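Notes follow once the structure below has been shown.
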Amino acid sequence: MDKNWQQIKKRLQEFLPKGQYNLWVSTVDFLGLEGERLVLGCRNRFHIEWLREKLEKRLLTEVRPYFPEVRKLYYRIVSDQPAGKEEQGTEGPQQLSFRELITRPKPSFNPRFTFDRFVVGNCNQFAYAATMAIANTKQMYNQSLYLLSETGLGKSHLSHAIGNYLYTQKPNLRVQYVTTEQFANEMIFALRNGTIQSFKEKFRAGCDVLLLEKIEFLSGKEKVQNELVYTLDELMDRGKSILCTGNAYPKDIPKLSTELQSRLGGILMAPIDPPDFKTRIEIIKRKAHSENIRIPMEVAEYLAEQARGDIRQLESCLVGMIAKTNILGVPITLQLAQDVTQTMLDRLPRITIEHVQQVVCESFQISVEVLQSSSRRKEIAMARKIGMYLCRQYTTESLVSIGKSFKRSHSSVLYAVNGLNKEMEATSGKLKRKVEYVSSLLDKSCLSM
């Protein structure tokens, strides 16, 4: 097995930049197989986050020829953490059994996500103030709030900050924190086991504050949507607090019932925009301070200028630089920052929407004009869907920007991306192989740039 893992690492070394491979892949330990899971050992949680976000799909592709039985990856921290603790696997909440979902005694909030560690700027000032109002149980319209933003801009941070604050300051309040996927899983478990009344009691009569993340997951799930409508109605009637998060306005989420759109559309909406330069500087300073690292201003400004995507991307660059400083014993300089950002950001800035469209068109042997047209021919529609999906995977562009490039609305992009994910899970491997093939063409074109 170890020999197979060494072969997999060699394959990864062939297409990854040297800096990325040395920092993130060469340090991964092969810990063995557990059923359909390949278990990998990582240095810390930042190591795990990078592998999940940047390399997981490629890792699975390279792993399967050597371990055909593997269906998912599972990560464990092999240092910097006391024995007995481990990170969740690739599917996040899905790693928990239904029974674990039901019987957890209290919500598990990330201790790092607090109000005092949230960097406030023009991009998120209103969202911050509104969540603070909920945490302090101040009177506001409907006692309800909907946080709206792209991935990685702070929705979950603020959700957990409310939970952490209430748990310490108002421990008597009954706080329920779930993603909509967990909500659906608990409902299914309750229906199968004849405990639906207990489920309703938990989220209605037994709830003072409901923190519900990722509303977009409910797309097409009619029965779960109906149950949520009844739950929201009862909580609102009783004057309880509700916080929902999503990456699109409720009216723009495909296959969301009129009733649920009406409930969600009637609560206070708080958009979060990407951080501006000044806010990115402050995020870098705050993060460096928490790590007891001094960052020269010219380095902070350089990082803030280069990493303009979501906050996770910015923090990944900073963490990579700190890691390199600790490992090599070198000071933090502008040259080090340039080396790290070139390594960390070499994929994302170089691949544009136009480049993705070009590769997709070459693969399907159609023109960009046809790709952007209103044609609904099966092959063209599939090419368009794969193009939108890869734009989300390979670029930092928003749904709105991708939609404009394909002459579609951002909700159409969201529908296409979610739909393709579901199709790849439900159908045979033919569709997945097609997507992986086009993805490999993008990887090759990236290396030749």
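A compact table of results
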quantity	calculated
Nearby lysines by direct alpha-carbon distance to residue 240 (threshold 17 angstrom, same-chain neighbours under 8 apart not counted)	138, 170, 200, 202
Residue of 418, 164, 22 that the Gaussian network model of the chain assigns the largest fluctuation, springs spanning Cα pairs under 10 Å	22
Average Cα contact separation per residue, region 295-412, under 8 Å, 6 or more apart, as relative contact order %	21 percent
Rounded Å value of the spacing that divides the Cα centres of region 168-203 and region 1-46	37 Å
Region 247-291: trypsin sites (Lys or Arg not before Pro) in DSSP coil with no more than 10 other Cβ atoms inside 10 Å	none
Span-rule helices in the chain, defined as complete DSSP H runs reaching 30 Å or more along the axis (Cα) with Kyte mean at least 1.0	none
Inter-part distance where region 302-327 and region 146-162 are each reduced to a Cα centre, Å	20 Å
Mean Cα-pair separation over length for region 175-287, i.e. relative contact order, pairs under 8 Å, 6 or more apart, %	26 percent
Most mobile listed residue (43, 52, 376) in the chain, GNM with C-alpha springs under 10 Å	376
Relative contact order of the chain, defined on C-alpha pairs under 8 angstrom at six or more residues apart (%)	12 percent
Over the chain: helical MRE at 222 nm, DSSP H runs n ≥ 4 each giving -39500 (n - 2.57), nearest 500	-16000 deg cm²/dmol
17 Å Cα-Cα reach of residue 287 towards lysines, excluding residues that sit fewer than 8 places from it in its own chain	278, 324
Rounded, prolate or oblate (a/c below 1.5 giving rounded, otherwise prolate when a/b exceeds b/c) for region 141-201 by Cα gyration tensor	oblate
Of 294, 308, 408, the one that fluctuates the most in a GNM where the chain has Cα springs shorter than 10 Å	294
Cα-based convex hull, the chain, per residue volume (Å³, whole number)	161 Å³
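Just so you know, all these numbers are worked out from the coordinates, no wet-lab data involved. From a predicted model like this one, the values you see are computed outputs, not experimental measurements. Every residue, glycine as well, gets a Cβ built from its backbone with ideal geometry; the counts of neighbours run over all protein chains shown.
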